[in-house]
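Here's the structure we're looking at; comments come further down.
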Amino acid sequence: MNNTADVAIVGAGVMGLAHAYAAASRGMRVVVFERGLRASGASVRNFGLIWPIGQPQGRMHQLALRSRARWVEVLEQAKIPYWPRGSLHVVYRDDEAAVAREFSELAAGIGYECSWLNRDQVLSRSHAINADGLIGGLWSGTELTVDPRVTIAALPGFLHERFGVEVRFGCAVHSIDLPAVEAGNERWAVEQAVVCSGDDFETLYPETFAASGLTRVKLQMLRTAPQPEGWQLGPALAAGLSLRYYSTFGVCTTWPSLRNRIQQETPEYERWGIHGLVSQTAQGELTLGDSHEYGACVDVFNREEVDQLILGYIHGFLNAPVMKIAQRWHGVYAKHPEKPYLAITPAPGVRILTSPGGSGMTLSFGIAEETFGDGDL
Ligand SMILES: Cc1cc2nc3c(=O)[nH]c(=O)nc-3n(C[C@H](O)[C@H](O)[C@H](O)COP(=O)(O)OP(=O)(O)OC[C@H]3O[C@@H](n4cnc5c(N)ncnc54)[C@H](O)[C@@H]3O)c2cc1C
């Protein structure tokens, strides 16, 4: 066995790459195995939103803030573009405004930096917002946007150049029996292994995954053609459905009635877990989404009715020059019914770190720091 490393990491999605960074920046020799010729899982299919405001107060919000700090450190070192432009939840209904206002009053006391903006303040912060019927919005300066396809493609090169991390693409790990790791036709000797295999529950430790309670979530996404040169979205945008969706806002006494109204009035949004988020890519396109379909077996075909629901909702608040849809796709992530992510030790020296759900971009670098922060596995 000629190939040796301190740590082997399975998967070059954001979880695997964040773990590679955490290990390598602590002086460990790291090898990453990615079965694809490039990463093409959830990490390249998302909005690229580092979104601490989506995390409930306390431990998860603190973890998201630590993760954000690490992201900035990495993006700066790697010279990967990012946009620290914050987020705006825009509101058009009184019950949405009530939640946004109440949260802005509670925010400072529970660790968030948010403020309520009236209609004119919202419109001066972003020219991408439909002014008709706009009441105001919840502003947060903490969120940042990356272009996920650019970022996930660039990180392996940075990790290699800066820390000597070996990244083996087209190399599926089919067996871990420490110190031996077998990947493709390579055999490595390592001290530790970290499995960040996303929603692959079948290849490694299938019994552990089967007993874990994990399921899959499918999300439909769309992307516009590029906006005119120089046109900027500004802050990433969300609206009333996001105030309903994120448990962060559950601290508000006004939250239940917003949820009830949405359930009664628009059951189709509930049925498909429709949400309305907008981010901008490096090329100026707008990424639009999303929906949530739960179940172990993912339908590979998209539903046009779901795309229409997403677009219909977003048309209500977004005012962008180009709304021509240039791309449609879906992504799948692993999710635990109760835990925000899963950290299991299926064998001595091996950790499975997966299922940060819809928050993997936000949380990965924080989770990885926890994995390696306390010493050996
Ligand atoms: C549409 C969509 C939008 C989202 N938007 C956001 C957002 O804006 N902000 C946010 O915080 N989160 C968001 N998320 C969630 C986030 O994208 C995921 O939580 C995160 O990408 C999961 O990363 P991962 O590395 O665990 O999985 P993946 O990106 O799926 O990576 C797993 C990798 O492991 C590889 N692999 C698996 N098994 C093996 C093996 N045996 N050998 C070698 N390689 C293997 C796979 O090929 C894959 O590349 C979104 C998710 C989706 C689907």
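Would you confirm whether or not segment 1-19 contains a residue that is outside any loop (DSSP other than H, G, I, E, B), among the acidic types (Asp, Glu), within 13 Å of the ligand (Cβ to nearest atom) and touching a residue at least 24 places away in the same chain (Cβ under 8 Å)?
Taking segment 1-19 and keeping what is outside any loop (DSSP other than H, G, I, E, B), we get 3-10, 14-19.
Now drop any that are not among the acidic types (Asp, Glu), which leaves 6.
Checking the rest, the ones that are also within 13 Å of the ligand (Cβ to nearest atom) come to none.
Checked against the condition, which is being outside any loop (DSSP other than H, G, I, E, B), among the acidic types (Asp, Glu), within 13 Å of the ligand (Cβ to nearest atom) and touching a residue at least 24 places away in the same chain (Cβ under 8 Å), segment 1-19 yields no hits at all.
In segment 156-198, the residue that is farthest from the chain's Cα centre (by Cα) out of those that are closer than 21 Å to residue 347 by Cβ and of a type in the set (S, T, N, Q) is 175. Scanning segment 285-315 for residues that are under 20 Å from residue 49 (Cβ atoms) and in a loop (DSSP other than H, G, I, E, B) gives 285, 290, 291, 292.
I'd like the full set of residues that are within 13 Å of the ligand (Cβ to nearest atom), open to solvent by 50 Å² or more (accessible area, probe 1.4 Å) and either in contact (Cβ under 8 Å) with a residue 60 or more places away in the chain or over 22 Å from residue 334 (Cα atoms) (or both), limited to segment 161-198.
Taking segment 161-198 and keeping what is within 13 Å of the ligand (Cβ to nearest atom), we get 167-176, 181-184, 186, 188, 193-198.
If we keep only those that are open to solvent by 50 Å² or more (accessible area, probe 1.4 Å) as well, we get 168-169, 174, 182.
Passing the criteria: 168, 169, 182.
I want to confirm something. Restricting to segment 268-293 and keeping residues that are of a type in the set (Val, Ile, Thr) and farther than 20 Å from residue 97 by Cα, which single residue is surrounded by the most Cβ atoms within 10 Å (Cβ to Cβ)?
Looking at the filtered set, the residue picked out is 287.
Could you identify the single residue in 265, 202 that is within 13 Å of the ligand (Cβ to nearest atom) and open to solvent by 40 Å² or more (accessible area, probe 1.4 Å)? Lay out the reasoning, then the answer.
Values: 265 fails: within 13 Å of the ligand (Cβ to nearest atom).
Step by step, each of 265, 202 is checked, and only 202 is within 13 Å of the ligand (Cβ to nearest atom) and open to solvent by 40 Å² or more (accessible area, probe 1.4 Å).
Every listed requirement among (1) buried (at least 22 other Cβ atoms within 10 Å of the Cβ); (2) within 21 Å of the chain's Cα centre (by Cα) is met by residue 153 save one, (1). In segment 20-40, the qualifying residues are those that are within 6 Å of the ligand (Cβ to nearest atom) and buried (at least 24 other Cβ atoms within 10 Å of the Cβ), and the one that is nearest to the chain's Cα centre (by Cα) is 39. Put simply, of 334, 326, 368, 347 the only residue that is within 16 Å of the ligand (Cβ to nearest atom) and surrounded by fewer than 16 Cβ atoms within 10 Å (Cβ to Cβ) is 347.
Residue-wise test of (1) open to solvent by 30 Å² or more (accessible area, probe 1.4 Å); (2) without any contact (Cβ under 8 Å) to a residue 12 or more places away in the chain; (3) more than 16 Å from the ligand (Cβ to nearest atom); (4) touching an Asp or Glu at 6+ places or on another chain (Cβ under 6 Å).
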{"site": "126", "(1), (2), (3), (4)": "no, no, yes, no"}
{"site": "137", "(1), (2), (3), (4)": "no, no, yes, no"}
{"site": "145", "(1), (2), (3), (4)": "no, no, no, no"}
{"site": "213", "(1), (2), (3), (4)": "yes, no, yes, no"}
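Among the residues making up segment 51-79, those that are open to solvent by less than 10 Å² (accessible area, probe 1.4 Å) and more than 15 Å from the chain's Cα centre (by Cα) are 74, 75. Within segment 216-255, the set of residues being under 28 Å from residue 298 (Cα atoms) and open to solvent by 40 Å² or more (accessible area, probe 1.4 Å) comprises 245, 247.
Could you tell me whether residue 116 is closer than 24 Å to residue 366 by Cβ, among the hydrophobic types (A, V, I, L, M, F, W, C) and buried (at least 19 other Cβ atoms within 10 Å of the Cβ)? Working first, answer last.
Values: closer than 24 Å to residue 366 by Cβ: no; among the hydrophobic types (A, V, I, L, M, F, W, C): yes; buried (at least 19 other Cβ atoms within 10 Å of the Cβ): yes.
So residue 116 does not fit the description; no.
The values are calculated or read from the model by the stated rules, or taken from the named source; none is laboratory data. Since we're looking at a predicted model, the values are computed, not measured. No Cβ is skipped: glycine too gets one built from the backbone with ideal geometry, and neighbour counts run over all protein chains shown. Just so you know, the surface numbers come from the protein's heavy atoms only, side chains and all, with ligands and any DNA or RNA stripped out. Shrake-Rupley method; radii C 1.70, N 1.55, O 1.52, S 1.80 Å.
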